[in-house]
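Each value in this text was obtained by applying a stated rule to the coordinates, not by laboratory testing. Since the structure is predicted, the reported quantities are computational estimates derived from the model, not experimental observations. Glycine gets a Cβ as well: all are built from the backbone with ideal geometry, and neighbour counts include every protein chain shown.
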Amino acid sequence: MTPDDEIRAAAQRAQPPQIDSSRSHDPSNNLKRSDPFQFGSRYLEKGDDVFEFNAWDHVEPDDGFKAYAEAQYEKQRAAPVTDFDKNRFNQDPAKWWDLFYKNNTENFFKDRKWLQQEFPVLAEVTQKDAGPQVVLEVGAGAGNTAFPLIRSNENEHLKVHACDFSKYAVKVMRESEHYDEKYMVADVWDVAAQPDENGNYLPPGLTEGSVDVVILIFIFSALNPAQWNRALHNIYRVLKPGGRVLFRDYGRGDLAQVRFKKGRYMGENFYVRGDGTRVYFFDKDELIQMWSRWTLEKGLQVDTESTSESQPAEPEAPFEVVHMGVDRRLLVNRSSKLKMYRCWMQGHFRKRDGPAATTAEAGQ
Ligand SMILES: C[S@@+](CC[C@H](N)C(=O)[O-])C[C@H]1O[C@@H](n2cnc3c(N)ncnc32)[C@H](O)[C@@H]1O
């Protein structure tokens, strides 16, 4: 069997647990219908035909699939990326994303239409009377988040800074028919940037403490864990006190992780795709630690190896975790009888109010 056949067979064998109908939080809201449906409301209950719908919410992988996933991780670890290649992929990651955007059309990612529903903060800042609001989208790619946001915007005073470290991604955004300079500016910026020769490390046109909302959608997974500290530092600096961070990214155990083959493993939960772009799969406790324990002085305090034990938040931590959730979904391909476990992490963090840190710390 080829690796592709194997993963296919595992997805066919999967036996997703079916819960008692009394256990779905609110049976009256258990929408057993096709799109449009409200996220998180279609539970797979005893007696349901799993192939009746394309997707089910809150489905945990069954034990058989979990064991298969563990065996896959062992195989991945046993055949890691060579040191030479690790260097190649880590040294200039923007180069690989540039290639990605050269080779793919602007329609590669789907428009994020669920934004306001999943992140009510975005509904607030785009309201007619919300007043001046500055949103920074990091790793904005082809604009699949920024453009839908602007399309639904009713706030005359909204400005979205859509930044990406790939100059080709920025070119795609700037050349889009949806690019509206009144509400949006697209710029090249590396979220893990160190200060340049003039001490600048913030996005063009933005100063310390000038941003109300930072959006991070499938960007942190593209970073090497060694870059997380610097990224948090830069996000902290650019946010206003009380500013929000909206986060969505890959969760551990997602099918995309399980299906990685030999020669792609860069480190624990960190891989390189066939096109040279990197991807990390997050754990819930790890993200809670990341955002509730990071400080300017101590940096990151995340134990990526063992996240099973909850660590207390740092009392002086500049960020607080407002919400951290796991979005698990079972996607079903009815014709090939595949049952695919997907897992995403969704977080809402807040920069605490309080005195701004001194400029002396800015160079960290
Ligand atoms: C998986 S794509 C997601 C794009 C977009 N956020 C979306 O959800 O459609 C990851 C994006 O992050 C960008 N990226 C990766 N590392 C970055 C960094 N250090 N600074 C800024 N952007 C980065 C990549 O160029 C790419 O456009």
> Extension gain Ala313-Ser176, at 0.36 nm per residue separation less the Cα-Cα distance, in nm?
Replying inline: 45.1 nm
> With θ set to phi - 60° and the Karplus curve 6.51 cos²θ - 1.76 cosθ + 1.60, what are the ³J(HN,Hα) couplings of region 336-343 in order, to the nearest whole Hz, using x for Gly and Pro?
Replying inline: 9, 6, 8, 10, 10, 8, 10, 8
> Modelled label-to-label distance, Asp4 and His323, 7 Å Cα→beta-carbon offset: nm?
Replying inline: 3.9 nm
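Counting other Cβ atoms within 10 Å, keep those with at most 15, restrict to DSSP loop, and tell me which trypsin sites (Lys or Arg not before Pro) in region 239-339 are left.
Those that pass, being in a loop and sparsely packed, are Lys262, Arg273, Lys298, Arg334, Lys337.
Which value, to two decimals, describes the C-alpha radius of gyration of region 178-327 once divided by 2.2 N^0.38 Å? Each step should come with its number before you reach the end.
Numbers: Rg = 16.4 Å, N = 150, 2.2 N^0.38 = 14.8 Å.
Dividing the Cα radius of gyration by 2.2 N^0.38 Å gives 1.11.
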>> To make sure I understand the rule: partners must be aspartates and glutamates, Cα under 12 Å from the Cα of Lys128, and not fewer than 8 residues away in the same chain. Which ones qualify?
In response: Glu154, Glu156
> For the residue pair Thr82 and Asn224, what label-to-label distance in nm results when each label sits 7 Å from Cα along the Cα-to-beta-carbon direction?
Replying inline: 1.8 nm
>> In 5 Å bins starting at zero, report the fraction of Cα pairs in region 116-199 per bin as a rounded %.
In response: 3, 16, 25, 21, 16, 12, 5, 2, 0
> Taking the alpha carbon gyration tensor of the chain, what are the square roots of 5 times its eigenvalues, largest first, to the nearest whole Å?
Replying inline: 33, 25, 22
>> Filter Lys113/Lys182; Lys240/Lys261; Lys102/Lys351; Lys102/Lys284; Lys113/Lys339; Lys110/Lys167 down to the pairs with a C-alpha to C-alpha distance above 32 Å, please.
In response: Lys240/Lys261; Lys102/Lys351; Lys102/Lys284
